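The values are calculated or read from the model by the stated rules, or taken from the named source; none is laboratory data. Bear in mind the structure is a predicted one, so any value in this text is a computation, not a measurement. Cβ sites come from the backbone with ideal geometry, for glycine too, and all protein chains shown count toward neighbours. Note: accessible area is taken over every heavy atom of the protein model, side chains too, but ligands, DNA and RNA are not part of it. Shrake-Rupley method; radii C 1.70, N 1.55, O 1.52, S 1.80 Å.
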Amino acid sequence: MRNDAVPLALLGGTFDPVHYGHLRLAEDVRRALAVDVALVPARDPPHRDAPAASPADRLAMLQLAVEAFPDLAIDARELARAGKSYTALTLEELRAEAPRRPLALIVGADALLGLPGWHRWRDLFGLAHLIVVERPGTVLATRSMAPHLRAEWEARWRPDPAALRRATAGAIVVQAVAPQPISATAIRAGLRRGALDEIRGLLPPAVMSYIQNHRLYEPPPDAP
């Protein structure tokens with residue numbers, strides 16, 4: 001049964017394929033902040049190339065992955081929605097479904113710096129909190145922010161994670177997580193090279209088996 005007093009935090013991505021970097025980050029946030037976490041796969045991401053695997057395959061891999069992380073959920077609404085997978089639309093839908101529940105969006109520090117390039121980015125603060133996780137190699141400093149983003153940060157940053165429960169949206173909190181230097185791009189490249197031993201430990205075994213059984217990410221037959 002859903003408890004609307006517990007904030008729901010969303011981790012979006014293509015999950016192409018899902019790997020331990022995604023899963024452990026989500027689990028770290030869930031445990032540290034005592035929130036529910038849902039993984040939200042994008043059908044048509046606005047800021048990157050189209051995923052290599054189909055929506056059905058990416059959803060199947062996520063379903064296999066969360067069997068090993070049973071406290072994580074999946075919200076597949078973006079896979080069913082036509083058009084670009086804009087976060088603002090997803091948050092609006094969730095807000096309509098649960099008007100009183102605190103919502104939060106998990107973003108890396110690198111993604112935070114690019115937030116002004118997002119569709120309707122200022123509207124996000126009225127729909128959800130931001131949980132900013134620090135990424136290796138990215139310095140979270142206000143001097144790195146565009147002026148209009150810095151103004152939002154200075155108005156909304158809260159040192160106490162309890163801010164996620166005091167309102168349904170609008171705060172920014174920072175959460176440290178264990179570094180997970182795993183890249184889906186590198187995993188796909190390793191699969192194309194056939195370097196299976198290099199990547200087996202980077203994603204759940206059930207996901208690896210699915211990739212192999214469905215021959216995902218293999219080079220085209222005429223590739224050199």
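Couple of notes before you dig in:
- Equivalent-ellipsoid semi-axes of the stretch 74-155, from the Cα gyration tensor, Å, largest first: 24, 14, 12
- Mean residue ellipticity (222 nm) of the chain, computed from DSSP H runs ≥ 4 via -39,500 (n - 2.57), nearest 500: -10000 deg cm²/dmol
- In this rough spin-label picture, where each label sits 7 Å from Cα along the Cβ direction, the ALA151-ARG100 distance is 3.5 nm.
- Modelled label reach - ALA56, point 7 Å along Cα→Cβ, the stretch 184-224 residues with backbone N closer than 18 Å: 210-218
- Other residues with beta-carbon under 13 Å from the beta-carbon of LEU64 carry, at +1 per Lys or Arg and -1 per Asp or Glu, a net charge of -1.
- Length gained when the stretch GLN212-ALA176 is fully extended (0.36 nm per residue, less Cα-Cα span): 9.6 nm
- ARG192 paired with ARG2, simple spin-label distance in nm, labels 7 Å along Cα-to-beta-carbon: 4.0
- The orientation-averaged projection of the convex hull spanning the C-alpha atoms of the stretch 1-99 amounts to 6.5 square nanometres.
- Carbon and sulfur %, accessible surface of the chain computed with the full protein complex present, 1.4 Å: 52
- Applying a length cut-off of 18 Å (Cα extent along the axis) and a mean Kyte-Doolittle floor of -1.0 to the DSSP H helices of the chain leaves 20-33.
- Against the empirical curve 2.2 N^0.38 Å, the C-alpha radius of gyration of the chain lands at a ratio of 1.03.
- Taking a sphere under 11 Å around the Cβ of ARG81 and counting the other residues whose Cβ falls inside, with K and R at +1 and D and E at -1, yields a net charge of 0.
- Per residue, the accessible area of the chain comes to 49 Å², computed with a 1.4 Å probe over protein heavy atoms only.
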